[in-house]
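Data block below; observations after.
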Amino acid sequence: MILPVYLYGQPVLRKEAEDVPRDYPELKQLVANMFDTMYNADGVGLAAPQVGLSIRLLVIDADVMGDDFPECKGFKRAMINPDIVESSEEEISMEEGCLSLPGVHEKVSRASKIRVKYFDENWEEHDEVVDGFAARVVQHECEHLEGHVFIDNVSAIRRQLNKGKLNSIIKGTARCSYRAKAVGK
């Protein structure tokens, strides 16, 4: 089932998400719905707060980026209660976008390599080193679980330059090709 993507300005995007308990109801179905929602919106990652749920769950399928970023080939994950435990000092600046901020794209610096611990949808524990663009996607999605969005990482002047776009997202007048839930709607 395709869920609405919560847009910038929705309070759930600014809340620190809670750990997912092992007995969370219909967890596998939620993971499937989140993948469907992400694919429908042509995204490569989606965090639970983006579908209105303040829980530490995210899905990623970066395989579509594999031609440009080989580390993304086959990189499909559901991450429950992820925790980035190490980040490289080396950072790379690249343009990012977000399904919760349609039409907004800015350069963001992120660690080029991370180590992340998480559980998959079968509650199997993983401890994984991720680098390159795949690491960027994991960091971007994990940021949602802390109540942040990528625009928080750009300079005040860049945020000011995006103020018109951000206000139109909040008002619900921004163009969006997927099912979305704006603050005023």
Ala32 passes all but one of the listed conditions (1) in a loop (DSSP other than H, G, I, E, B); (2) without any contact (Cβ under 8 Å) to a residue 24 or more places away in the chain; the exception is number (1)
Tell me the residue from Val85, Val129, Val149 that is open to solvent by less than 30 Å² (accessible area, probe 1.4 Å) and either in contact with a strand residue (DSSP E or B) (Cβ under 8 Å, 6 or more places away or on another chain) or under 20 Å from Gly43 (Cβ atoms) (or both), please.
Val149
Taking region 13-34 as the search range and keeping residues that are open to solvent by 20 Å² or more (accessible area, probe 1.4 Å) and either under 15 Å from the mean Cα position of the chain (by Cα) or of a type in the set (Val, Ile, Thr) (or both), which one is farthest from Lys163 (Cα to Cα)?
Glu16
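Are any residues in region 1-21 among the β-branched types (Val, Ile, Thr) and closer than 14 Å to Leu58 by Cα, and if so, which ones? Working first, answer last.
To start, the set of residues in region 1-21 that are among the β-branched types (Val, Ile, Thr) comprises 2, 5, 12, 20.
Residues satisfying the conditions are Val5, Val20.
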Which number in (1) under 20 Å from Asp42 (Cβ atoms); (2) surrounded by fewer than 22 Cβ atoms within 10 Å (Cβ to Cβ) marks the one condition that Val138 misses?
(2)
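Among the residues of region 53-63, what is the count of those that are of a type in the set (Asp, Glu) and part of a strand (DSSP E or B)?
Let us first name the residues in region 53-63 that are of a type in the set (Asp, Glu), namely 61, 63.
Still in the running and part of a strand (DSSP E or B): 61.
Number satisfying all stated conditions: 1.
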Among all residue pairs at least 6 apart or on different chains, which show Cβ distances below 8 Å where the first residue, located in region 64-80, is under 12 Å from Ala134 (Cβ atoms) and assigned to a loop (DSSP other than H, G, I, E, B) and the second is among the small types (Gly, Ala, Ser) and open to solvent by 10 Å² or more (accessible area, probe 1.4 Å)?
Gly66/Gly74; Phe69/Gly132
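Among the listed residues Val183, Val149, Val154, which satisfies the condition of being touching a Phe, Trp or Tyr at 6+ places or on another chain (Cβ under 8 Å) and closer than 20 Å to Arg14 by Cα? Before you say what the answer is, go through the steps one by one.
Numbers: Val183 fails: touching a Phe, Trp or Tyr at 6+ places or on another chain (Cβ under 8 Å); Val154 fails: touching a Phe, Trp or Tyr at 6+ places or on another chain (Cβ under 8 Å).
Among Val183, Val149, Val154, only Val149 is touching a Phe, Trp or Tyr at 6+ places or on another chain (Cβ under 8 Å) and closer than 20 Å to Arg14 by Cα.
Just wondering, is there one or more residues in region 45-60 that are of a type in the set (Lys, Arg) and closer than 24 Å to Ile151 by Cα?
Of region 45-60, the ones of a type in the set (Lys, Arg) are 56.
Retained after the next criterion (residues that are closer than 24 Å to Ile151 by Cα): 56.
There is at least one residue in region 45-60 that is of a type in the set (Lys, Arg) and closer than 24 Å to Ile151 by Cα.
A quick yes/no check of all residues on (1) more than 19 Å from Gly103 (Cα to Cα); (2) of a type in the set (A, V, I, L, M, F, W, C); (3) modelled with pLDDT under 95:
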| residue | (1), (2), (3) |
| --- | --- |
| Tyr6 | no, no, no |
| Gly9 | no, no, no |
| Pro21 | yes, no, no |
| Tyr24 | yes, no, no |
| Ala32 | yes, yes, no |
| Thr37 | no, no, no |
| Gly43 | no, no, no |
| Gln50 | no, no, no |
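The values are calculated or read from the model by the stated rules, or taken from the named source; none is laboratory data. This structure is a prediction, so every number in the text was calculated from the model and none was measured. Every residue, glycine among them, receives a Cβ derived from its backbone with ideal geometry; neighbour counts consider all protein chains shown. The area values use the complete protein model at the heavy-atom level, side chains included, leaving out ligands, DNA and RNA. Shrake-Rupley method; radii C 1.70, N 1.55, O 1.52, S 1.80 Å.
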